[in-house]
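Shown next, in structure tokens, is the structure this report addresses.
Here, each number is a calculation from the coordinates, and none is a lab measurement. All of these numbers come straight from a predicted model, not from anything done at the bench. Cβ coordinates were reconstructed from backbone atoms using ideal geometry, including for glycine residues, and neighbour counts include every protein chain displayed.
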Amino acid sequence: MNTFHIAVYVENKYGVLTRVTSMFTRRGFNIDALTVGETESPAYSRITITLTGDAHLCEQVVSQLHKLHNVKKVEMMESETIKRVLMLIKVRNAADTRADILSAVEVYRAKVIDYTADAMCIEITGEPTKIDAFIKLMMPFGVLEMCRTGVVALDRGEKTLLGH
Amino acid sequence: MKMTGAEIIVNTLIEQGVTDVFGYPGGQVLNIYDALYKYQDKINHVLTAHEQGASHAADGYSRATGKVGVCIATSGPGATNLVTGIATAMLDSVPMVAITGNVPCSLIGKDSFQEVDITGITMPITKHNYFVSSVDDLADTIREAFSIAKSGRPGPVLIDVPKDVQIATAEYVPQAVVEKAPLPKASDEEIAEAIRMISEAKRPYLYIGGGAAGLGMGADVVAFAEKIDAYIGCTFMGLSAISDKCPRFLGMQGMHGHYASSMAQKEADLIVALGVRFSDRATGNVQKYARGAKILQIDPDYAEINKNVQVDFGICADLGDTFARIASACEATTRPAWCEQVEALKEKEKQIDAEAERRNKAPLPPHAVFDIINEKKPAGTVIATDVGQHQMWTAQYASFDRPRRFVSSGGLGTMGFGLGAAIGAQVGSNSPTVLITGDGSFGMNLHELATAVSYNIPVVVVLMNNGVLGMVRQWQTLFFGRRYSNTVLARKTDFVKLAEAFGAIGLRATTREEFASAFDTALVANGPVVIDTLIDQDEFVLPMLPPGGSIDDIITAKEEQA
């Protein structure tokens, strides 16, 4: 079982996200995470889907996505792809833990974006594994709430999804 | 030319070569029906008794003609009544365009009267669907829908048109009929690899499905089988692509397939799969399927390659072109050992069948019904079915003399499909049409008899009446200790009187002689006839591969299990 990231270029039209997610439901494929947003062209949106499975499952997902009429391009992202996750995490702010939290923020190149007497909210971006490690580090300090995006990913160099 | 949206819909249908549509009017399609009235000399509308019947009729029309079938329904319940028919077309890759009306855009999302999100509902059962919010997009949307429906692997497309879009006006400029989008061609390397696999094979089995049947490839496949000394088997959806009189053709394989066809597939060392999707009903237990064979699969749908069965080599390309290139480049060869092996299987099948027929003492056994139909039916007869035992007997026993003459719901297995589909097939093909049905299936949509009578559509309904849901009963007999839960119909319906009440001819047959005589009468009746054909409630469909089993578990005789 591996984690795969699939980039999907779709027409920016009413109901397209539903078409994509409904295909997953219908075929019994499980989505770990999904992000969707604007692209360099207003006519298209880009969806990045993260899923866990074997190569056969991944191949099926890609080919089923290809069949959707509004899908223009599907590509399995390679392992050296640039991947980023954004997370906001709210941690209890206490006198005895404050220094440790702030030094972790420093080391992880995260940012404190809200700070009150009782809590601080930290913004962090990075590879999914970095985010996981940061969460683990924060757990003992008392995580009050957290919110993370799915993966967004782009190929390195000049290579683009549509130009590929 | 300025036109209303409703007129644009009808004109675009006419422009796309549509001559017949099936449907049912209602509040949100009044404008479309008004346009159909206006253009009635150019387009024929068949009013069915129920929208489901219209969807099956459009499907049957398409299966019998190869054209895109079209059905129309109003919003809400009209649209939801199409759902079973659309799903049926989807599972069997039948090109269809369904047009529904909806409430005006200003009322969308307000739970208005007869409002339903039909694009949301049909998303997983259409190839694509549309909600048209501007009259300016209407004509091009319909054209795109036709292109999607018939291109690549065909399928149904739904277009939902709110009432205000039907009323609004726009410029309409006629365009040419949209062509099928071209499919990728196989590379020379792929063709070479396919040829290598075929030339290395000692026991090749050409396996044709709905994809090959839809392209009318039967004759080419037979010629190729003769050239390389191979045998041909088919899936349920591949039936009628090849005449059953062809000595190379072993018939359907799978759960209720012919013994020789299923066994030859098991004994083959190469299966050349042409437009098949390896459905569970065809493969049985996939872990045990075709273990001794390599599989070469050619299909235009990339997602079908390795979906259900891992193949040794898959080519995703234009099926007709790829096959033609392989067939012309393969060297002619003989495989006498393989022929001997398959001929022995055919001999064994004959013995099994003869023994089963000898043991069956019923006054009207199912195979006898088909012997009579096969002997008497005119050339080019379309045979439609519903779903159940009668359907499998049709697949096993019915004789087909040309492609597109078998109209049956394979993938979805829709009971109630038959009568609507037979009506559509008759309208489209103008050929003699026989519907083989059962008392269970017929009961689901028999109101379409009214349609057949209204339009005097000469469909001969052979109602194989055993008073039970025979296929489910067969499973209960074999696997549920004869606990016949809710499969004994015990209805008091008199189907002869019922046919007469609808204005059709009703006949009854309890013996071979009575059936032969009734069938003769029906063929010359020039209108719908129902033959209430009484058969025994404990007839079995055999052979059978038990669910989850493989060809090794084949049941060929009733006594082994019963």
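Any chance you could check the Cα centroid distance between the stretch A:7-32 and the stretch B:399-463 for me, in angstrom? Here the two parts' Cα centres lie 37 Å apart. With only Cα atoms counted, the stretch B:462-562 has Rg and Dmax values of 17.0, 50 Å.
When each of the peptides A:40-52, B:218-230 is scored by how many other beta carbons lie within 10 Å of its residues on average, the order from highest to lowest is B:218-230, A:40-52. Taking the inverse of the mean 1/r over every pair of distinct Cα atoms in the stretch B:2-171 gives a Kirkwood hydrodynamic radius of 15.2 Å.
Show me the ranking of peptides B:292-305, B:417-430 by mean Cβ neighbours inside 10 Å, starting with the highest. Don't jump to the answer; show the numbers that get you there.
Values: B:292-305: 21.6, B:417-430: 29.1.
Result, highest mean first: B:417-430, B:292-305.
Taking Cβ atoms as reference points and 9 Å as the exclusive limit, the residues near residue B:419 contribute a net charge of -2, counting Lys and Arg as +1 and Asp and Glu as -1.
D for chain B, whole µm²/s, Stokes-Einstein with Kirkwood Rh over alpha-carbon pairs at 20 °C and 1.002 mPa s: what number?
Values: Rh = 24.4 Å.
After rounding, the answer is 88 µm²/s.
Please work out whether the stretch B:188-344 counts as rounded, prolate or oblate from its C-alpha gyration tensor, where a ≥ b ≥ c are the square roots of the eigenvalues and a/c under 1.5 means rounded, while otherwise a/b larger than b/c means prolate and anything else oblate?
Working: a/c = 1.22, a/b = 1.03, b/c = 1.19.
Since a/c stays below 1.5, the shape of the stretch B:188-344 is classed as rounded.
List the aspartates and glutamates whose alpha-carbon lies under 19 Å from that of residue B:376, not counting same-chain residues fewer than 8 positions away? Answer for residue B:376, where 19 Å is the Cα cut-off: B:244, B:401, B:513, B:514, B:520, B:532, listed by chain and number.
Mean-square fluctuations from a GNM of chain A, with a 10 angstrom spring cutoff on Cα atoms, peak among A:84, A:27, A:19 at A:27.
DSSP finds beta bridges in chain B, and of those with both partners inside it, around 5 percent are antiparallel.
Taking the Cα atoms of the stretch A:82-152, the ratio Rg/Rh between the radius of gyration and the Kirkwood radius comes to 0.95. Pairs of Lys residues in the stretch A:42-155 are counted when their Cα atoms are under 15 angstrom apart and they lie 8 or more places apart or on different chains; the count is 4.
Highest average first, the peptides B:151-162, B:23-34, A:138-149, B:507-518 ordered by how many other beta carbon atoms sit within 10 Å of their residues are B:151-162, B:23-34, B:507-518, A:138-149. With a 10 Å cut-off around each Cβ of A:15-21, the average count of Cβ atoms from other chains is 2.
Within the set of other residues whose C-beta is less than 14 Å from the C-beta of residue A:107, count the net charge using Lys and Arg as +1 and Asp and Glu as -1. Don't skip to the answer; put the middle values down first.
On the way: positive: A:109, A:111, A:130, A:136; negative: A:100, A:106.
That sum, taken over residues with Cβ under 14 Å, equals +2.
Once you have a ≥ b ≥ c as the square roots of the Cα gyration tensor eigenvalues for the stretch B:361-538, tell me rounded if a/c is under 1.5, and otherwise prolate or oblate according to whether a/b is larger than b/c. Rounded shape, in that the Cα axes give a/c under 1.5. Look at the stretch B:129-142: the mean tally of other chain Cβ atoms within 10 Å of its residues' Cβ atoms is 1.
Could you tell me the calculated FRET efficiency between residue A:111 and residue A:26, based on Cβ-Cβ distance and R0 = 35 angstrom, to the nearest 0.05? Between residue A:111 and residue A:26 the formula returns 0.30.
Checking the table B:180/B:202; B:2/B:67; B:245/B:307; B:294/B:348 against a 27 Å threshold on Cα-Cα, which pairs fail?
Values: B:180/B:202 37 Å; B:2/B:67 29 Å; B:245/B:307 33 Å; B:294/B:348 25 Å.
Long pairs (Cα-Cα over 27 Å): B:180/B:202; B:2/B:67; B:245/B:307.
DSSP beta bridges confined to the stretch B:389-548 are antiparallel in about 5 percent of cases. For GluC sites (Glu not before Pro), the sites in the stretch B:319-379 that DSSP calls loop and that have at most 15 other Cβ atoms within 10 Å are B:331.
For the stretch B:245-285, the Cα-based Rg and Dmax, in that order, read 10.3, 30 Å.
Working value for the protein assembly as shown: equivalent-ellipsoid semi-axes of 50, 34, 26 Å, each the square root of 5 times a Cα gyration tensor eigenvalue, largest first.
For the protein assembly as shown, DSSP calls about 40 percent of its internal beta bridges antiparallel.
Need one value for B:300-310: mean number of C-beta atoms belonging to other chains within 10 Å of its residues' C-beta atoms. Working shown, then result.
On the way: counts 0, 4, 6, 10, 1, 3, 4, 6, 0, 0, 1.
Partner-chain Cβ atoms within 10 Å, mean over residues of B:300-310: 3.
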